[in-house]
Amino acid sequence: MLSITPELAIDERDLVFEFVRASGPGGQNVNKVSSAVQLRFDAGRPGALPEPVRRRLARLAGSRMTREGVLVLDARRFRSQERNRQDALDRLTALLRAAAEPPKRRIKTRPGRAAKQRRLDSKRHRGRAKQNRGVVREGE
């Protein structure tokens, strides 16, 4: 089990690792060793995650999540397969922790008198600056 928060853990059997060849530095090693890691986690599977967490994860993941609800993370920062695998797990954990945290409720506030005055003063100042940009006539 991969512990995300005290209340949330995911089964490591739900994680699929695929090792592919990475581009970038590494000399001939790049052509021989599949060191890049593609981590897939099916968040859309029933029971994988609570519904509110899954929705927040989909919003945070953006294009890294497929329409079917599969989260795909690419890790190719390091030259070793093991370090890339750990990097992918760390990024998954960070993403799930962010999704597990419920957003804070916004408290509606109104601008204070001083803030309104500053806004109006800046509008007046800007208006005067624009007014002074008029056409220059001869004799002025």
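Below, the figures for the structure above:
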read-out	value
Those residues of region 113-140 which are among the basic types (Lys, Arg) and at pLDDT 90 or above, in sequence order	113, 116, 118, 119, 123, 124, 126, 128, 130
Residues (outside any loop (DSSP other than H, G, I, E, B), within 18 Å of residue 102 (Cα to Cα), of a type in the set (A, V, I, L, M, F, W, C) and touching a residue at least 40 places away in the same chain (Cβ under 8 Å)) located in region 39-91	53, 57
Residue 56 within 28 Å of residue 5 (Cα to Cα), loosely packed, with under 10 Cβ neighbours inside 10 Å and among the charged types (D, E, K, R)	no
Flag if residue 110 is over 19 Å from residue 16 (Cβ atoms) and modelled with pLDDT of 85 or more	yes
Index of the failed condition, residue 127 passing every other in (1) under 35 Å from the mean Cα position of the chain (by Cα); (2) free of Cβ contacts under 8 Å to residues at least 40 places away in the same chain	(1)
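Results for (1) in contact with a His (Cβ under 7 Å, 6 or more places away or on another chain); (2) over 30 Å from residue 36 (Cβ atoms); (3) not charged (D, E, K, R), shown as yes or no for each residue.
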{"residue": "59", "(1), (2), (3)": "no, no, no"}
{"residue": "64", "(1), (2), (3)": "no, no, no"}
{"residue": "74", "(1), (2), (3)": "no, no, no"}
{"residue": "83", "(1), (2), (3)": "no, no, no"}
{"residue": "100", "(1), (2), (3)": "no, no, yes"}
{"residue": "105", "(1), (2), (3)": "no, yes, no"}
{"residue": "124", "(1), (2), (3)": "no, yes, no"}
{"residue": "134", "(1), (2), (3)": "no, yes, yes"}
{"residue": "137", "(1), (2), (3)": "no, yes, no"}
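The values are calculated or read from the model by the stated rules, or taken from the named source; none is laboratory data. Since we're looking at a predicted model, the values are computed, not measured. Note: ideal-geometry Cβ built from the backbone for every residue, glycine included; neighbour counts use all protein chains shown.
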